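Take a look at the structure below.
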Amino acid sequence: MTRLHLVRHGPTHAKTMVGWSDLPADLSDRAAVARLHDHLPADAIFVSSDLSRAADTASAIQGTRRRLQHQSALREINFGTWELRAFKEIEAEDPELAFAYWDNPGDVRPPNGESWNEVRARVDAAVDQLIQQHTGCDLVVVAHFGVILTQFQRALDVDAQEAFGHRIDNLSVTEITHHGDRWSVGRINHLP
């Protein structure tokens, strides 16, 4: 049994589509950071996306716990030409594509970006490797909204649209357990 504690990075305060852009996290809420640190298992192994908002959040909550090398496979969705643009601007430019991407996630992709299915395949492979290398451990994965939803979708065996219906707040924890032949989901979007 391997438990995943999926932590969403601290807020960026951006009002645009932020995927692979390396925006910093606001970690000024020291009380929330401390609560998150205290909530996570003392013997957990930490890993994060290589984007600074995730890596810096991991550093802020890690304490003396073991840390693995950052992983680019744990990055947020690559929004391509939609990156750092407001949704209203994207919708005005191509309303059909914008609607299809969010309302029917799967193979639809933003121009020069990733589809939901591509993100899911990338993250699934990274998580599978982590589980294989650290079976029986508590793994704290500090990553992004999309990354967390891919694993939530996987564990519950629901479609992407249903997964998208869940809120994942900054500095929240979603707990998923791999039992070898099946998955289970604990708390979702828990704010310690």
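The values are calculated or read from the model by the stated rules, or taken from the named source; none is laboratory data. Because the structure is a prediction, the values reported are computed rather than measured. Heads up, the Cβs are rebuilt from the backbone with ideal geometry, glycines too, and the neighbour counts pull from every protein chain shown. Side chains are part of the model used for accessible areas, which takes the heavy atoms of the whole protein and leaves out ligands, DNA and RNA. Shrake-Rupley method; radii C 1.70, N 1.55, O 1.52, S 1.80 Å.
A few comments on the model shown:
- Residue count, the stretch 55-76 (criterion: in a helix (DSSP H, G or I) and out of contact with any Phe, Trp or Tyr (no Cβ under 7 Å at 6 or more places or on another chain)): 9
- Yes/no for ILE168 being out of contact with any helix residue (DSSP H, G or I) (no Cβ under 8 Å at 6 or more places or on another chain) and hydrophobic (A, V, I, L, M, F, W, C): no
- Being out of contact with any His (no Cβ under 9 Å at 6 or more places or on another chain), open to solvent by 30 Å² or more (accessible area, probe 1.4 Å), part of a loop (DSSP other than H, G, I, E, B) and closer than 30 Å to TYR101 by Cα is not true of ALA42.
Here's the yes/no breakdown for (1) open to solvent by 50 Å² or more (accessible area, probe 1.4 Å); (2) assigned to a helix (DSSP H, G or I); (3) at pLDDT 95 or above:
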| site | (1), (2), (3) |
| --- | --- |
| ARG85 | no, no, yes |
| ALA92 | yes, yes, yes |
| GLN129 | yes, yes, yes |
| GLN132 | yes, yes, yes |
| VAL140 | no, no, yes |
| LEU149 | no, yes, yes |
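- Of the numbered criteria (1) in contact with an Asp or Glu (Cβ under 8 Å, 6 or more places away or on another chain); (2) assigned to a helix (DSSP H, G or I); (3) without any contact (Cβ under 8 Å) to a residue 60 or more places away in the chain; (4) surrounded by 15 or more Cβ atoms within 10 Å (Cβ to Cβ), the one ARG109 fails is (2).
- Residue match in the stretch 52-74 (condition: over 21 Å from LEU27 (Cα atoms), free of Cβ contacts under 8 Å to residues at least 40 places away in the same chain and buried (at least 17 other Cβ atoms within 10 Å of the Cβ)): no
- One residue from GLU175, GLU114 being open to solvent by 20 Å² or more (accessible area, probe 1.4 Å), touching a Gly at 6+ places or on another chain (Cβ under 8 Å) and under 22 Å from ILE45 (Cβ atoms): GLU175
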